[in-house]
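Notes follow the structure.
No value in this document is a laboratory result; all are computed from the given coordinates. Computed from a predicted structure; not experimentally measured. All Cβ positions, even for glycine, are placed from backbone atoms using ideal geometry, and neighbour counts span all protein chains on display.
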Amino acid sequence: MKAPAERRGLGTGVVFVVATVFVVLLAGIAYYASIGNTAPAQAHQTMPQATASTVTTRSAVSTTGSSASTQPEMVQVILPYRVATNQSYNFQPSTIDLIIGINNTVTWTNDDSAPHVVSAMSVPSGAAKFDSGNMMPGATFSYTFTIPGTYKYDCTYHYWMQGTIEVGQAA
């Protein structure tokens, strides 16, 4: 029969092995969780800063029989992957020109792995401020602009993320 000290030695070795396996398992889970909760692979590419880019789209006209109808276009703004950690990134695009009735709806899509909030900092007189609330990765937020003027917005979590929308009347 072994002395109590010898039995404890075997137990300590087993505890050490179990603890080591547990730590390695937790590290692996943390690693796979960090890469598994990201945006799709195409969003992981390095995206240049777009502080000077502008999107202006025109109406899409479809003909059905003898009548033609104008379908408003929606403008997409992407919150790119790693924008929350890289201050050289921004909304893509960060500057947009819209025309009421033509392309006055904007949809923001969070392609980042961090949450964001799209929130109006300043709006024209008579316009309501917009706020997306907390946008988790993959979430979208749409807003239709109905009053002409300049709208400035930001991400309330990341001060460097700022955008400008110029809304005009149709001619």
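Odds and ends about this structure:
- Relative packing of peptides 137-147, 104-114, 151-161 - highest average C-beta neighbours within 10 Å first: 104-114, 151-161, 137-147
- Footprinting exposure proxy ranking of Val83, Val167, Val117, fewest other C-beta atoms within 10 angstrom first, gives Val117, Val167, Val83.
- Modelled this way, with points 7 Å down the Cα-to-C-beta line, the labels at Ile100 and Thr156 are 2.7 nm from one another.
- Rounded if a/c under 1.5, otherwise prolate or oblate - segment 83-171, Cα gyration tensor axes: prolate
- Cut-off 19 Å, label 7 Å out along Cα→Cβ of Asp131, residues of segment 105-120 by amide N: 108, 115-120
- Database remark: amide H of Ala139 closer than 5 angstrom to the amide H of Asn110 (H placed geometrically; neighbours at sequence offset of 5 or more, or on other chains; Pro and chain starts carry no H).
- Karplus 3J(HN,Hα) series, Hz, for segment 133-145 with 6.51 cos²θ - 1.76 cosθ + 1.60 (x for Gly, Pro): x, 5, 9, 6, x, x, 6, 10, 9, 10, 9, 9, 8
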